[in-house]
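Quick notes on the structure that follows.
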Amino acid sequence: MTMTKRQGLTAAAAIGAILALGAGSAQAQYPTKPITMIVPFAAGGPTDVVARIVGENMSKTLGQPVIIENVAGAGGTTGITRAAKSAPDGYTIAMGHMGTHGAAPGLYPNIAYNPQTDFAPIGLAAGTPIVIVARKDLPFKTLQEFIAYAQKNEKTINNANAGSGSVSHITCVLLHEMMKINPNTIPYRGTGPALTDLISGKVDYMCDQIVSVSSQVKGGTIKALAIATQARSPSLPDVPTTKEAGLPAFEVSAWNAVFAPKGTPADVVAKLSDALTKAVTDPATKKKLEDLGGVVPDAKGASPAALAALVKSENDRWIPLLKAKVKQ
């Protein structure tokens, strides 16, 4: 039997409606399998720690495991590039941070993603104050004594970081600018190995997130000189602020946040954002983050809109500074 043109159009429309209904149903059932959260640094670093704490709670809300995949390299941009190029179906997300989404374009002219346009923001997980830490056996106790020592020993003192573009790198770039020094800088593939060498005495100091150094400071394996916040942290109450220590201009806090690839359906982003908000407002999860020194956002601060605004403001802050340093 021959089908008329009108009948053909009607049949095509019906098939399209069925397919659309099926797609909508699949999204409504999301998630139906485990979700991979890419952490763009080695295991054991601050971003990894926050991701595991938050991901564990998100799993409860989503009803599927959130599996952490560590993809280190190039200051976190290797893992974030992979996330940006992943299928926008909600099954691959990433824990980005101030370095990968705030500062990276200032360090990598040919970066393969745009922090503001290549992702669907899911929400902020935690703010993480920066602490200046040093080898416990170096001959200084205060921040001012450290600055004098570093200026005198500029050619021999060693600064460690988690890799070019990492939070520990860019925050110390700002510190060195204020100290007017250009010391030896040793990049590692993540905070974990850098911190290991700091504890063993192979490197001299770092600027890093409180979530990764608080336990070592409390244990006495390294010493903290100052925390770059307006008020002291309840996690390290004996550590002075940079203002108290005589360097008020060095006030900076890192952050970790969850992103999905651009094009991820809005209802899927909404489910992920809801799970993240429930995670950071859950008393037990919030306590874990705060015990490490993290600053946990409220529901409004953890929203996709708040994260999008934060990324833009961080790009405006860090990219000009770091581009100027790269040209030197």
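The values are calculated or read from the model by the stated rules, or taken from the named source; none is laboratory data. Since the structure is predicted, the reported quantities are computational estimates derived from the model, not experimental observations. Cβ sites come from the backbone with ideal geometry, for glycine too, and all protein chains shown count toward neighbours. Ligands, DNA and RNA are excluded from the accessible area calculation, which covers all protein heavy atoms including side chains. Shrake-Rupley method; radii C 1.70, N 1.55, O 1.52, S 1.80 Å.
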Condition met for Ala228 (over 23 Å from the mean Cα position of the chain (by Cα) and open to solvent by less than 30 Å² (accessible area, probe 1.4 Å)): no
Helices (runs of 4 or more DSSP H) wholly inside the stretch 126-210 that include at least 3 residues being open to solvent by less than 50 Å² (accessible area, probe 1.4 Å) and farther than 19 Å from Ala245 by Cβ: 167-179, 191-200
Residue match in the stretch 249-266 (condition: within 22 Å of the chain's Cα centre (by Cα) and of a type in the set (Asp, Glu)): yes
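Hey, does the stretch 292-306 have a residue that's assigned to a helix (DSSP H, G or I) and either open to solvent by 50 Å² or more (accessible area, probe 1.4 Å) or hydrophobic (A, V, I, L, M, F, W, C) (or both)? Talk me through it step by step, then tell me what you get.
Start the filter on the stretch 292-306 by keeping residues that are assigned to a helix (DSSP H, G or I), which leaves 304-306.
In the following step, the residues that additionally are either open to solvent by 50 Å² or more (accessible area, probe 1.4 Å) or hydrophobic (A, V, I, L, M, F, W, C) (or both) were identified as 305-306.
Checked against the condition, which is being assigned to a helix (DSSP H, G or I) and either open to solvent by 50 Å² or more (accessible area, probe 1.4 Å) or hydrophobic (A, V, I, L, M, F, W, C) (or both), the stretch 292-306 yields at least one hit.
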Only one of Asn110, Asn161 that is modelled with pLDDT under 95 and in the same structural domain as Asp267 (by TED's automatic domain parsing): Asn110
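Restricting attention to the stretch 242-265, which residues are among the aliphatic types (A, V, I, L, M) and at pLDDT 95 or above?
Step one: filter the stretch 242-265 for residues among the aliphatic types (A, V, I, L, M), giving 245, 247, 249, 252, 254, 257-258, 260.
Once the filter is applied, which keeps residues that are among the aliphatic types (A, V, I, L, M) and at pLDDT 95 or above, the stretch 242-265 yields Ala245, Leu247, Ala257, Val258, Ala260.
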All positions within the stretch 35-77 that are under 21 Å from Thr264 (Cα atoms), open to solvent by 10 Å² or more (accessible area, probe 1.4 Å) and outside any loop (DSSP other than H, G, I, E, B): Thr36, Ser59, Thr61, Leu62, Val66, Ile67, Ile68, Glu69, Thr77
Criterion: modelled with pLDDT of 95 or more and in contact with a Gly (Cβ under 9 Å, 6 or more places away or on another chain) - qualifying residue of Val239, Val268, Val296: Val268
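If you take the residues in the stretch 266-283 that are touching a helix residue (DSSP H, G or I) at 6+ places or on another chain (Cβ under 8 Å) and small (Gly, Ala, Ser), which one is surrounded by the fewest Cβ atoms within 10 Å (Cβ to Cβ)?
The initial filter retains those residues of the stretch 266-283 that are touching a helix residue (DSSP H, G or I) at 6+ places or on another chain (Cβ under 8 Å), namely 267-269, 271-276, 278-280, 282.
Retained after the next criterion (residues that are small (Gly, Ala, Ser)): 273, 275, 279.
Working: Ser273: 22, Ala275: 25, Ala279: 27.
If we take residues in the stretch 266-283 being touching a helix residue (DSSP H, G or I) at 6+ places or on another chain (Cβ under 8 Å) and small (Gly, Ala, Ser), then Ser273 is surrounded by the fewest Cβ atoms within 10 Å (Cβ to Cβ).
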Residue match in the stretch 93-103 (condition: open to solvent by 30 Å² or more (accessible area, probe 1.4 Å) and in a strand (DSSP E or B)): no
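Name every residue in the stretch 113-141 that is charged (D, E, K, R) and either farther than 16 Å from Ala305 by Cα or at pLDDT below 95 (or both), in order of residue number.
Correct list: Arg135, Lys136, Asp137, Lys141.
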The stretch 231-263, subset open to solvent by 10 Å² or more (accessible area, probe 1.4 Å) and free of Cβ contacts under 8 Å to residues at least 24 places away in the same chain, residue nearest to Met37 (Cα to Cα): Glu251
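Name the residue, out of Gly73, Gly127, that is small (Gly, Ala, Ser) and within 18 Å of Ala42 (Cα to Cα).
Working: Gly127 fails: within 18 Å of Ala42 (Cα to Cα).
After ruling out the rest, the residue left standing is Gly73.
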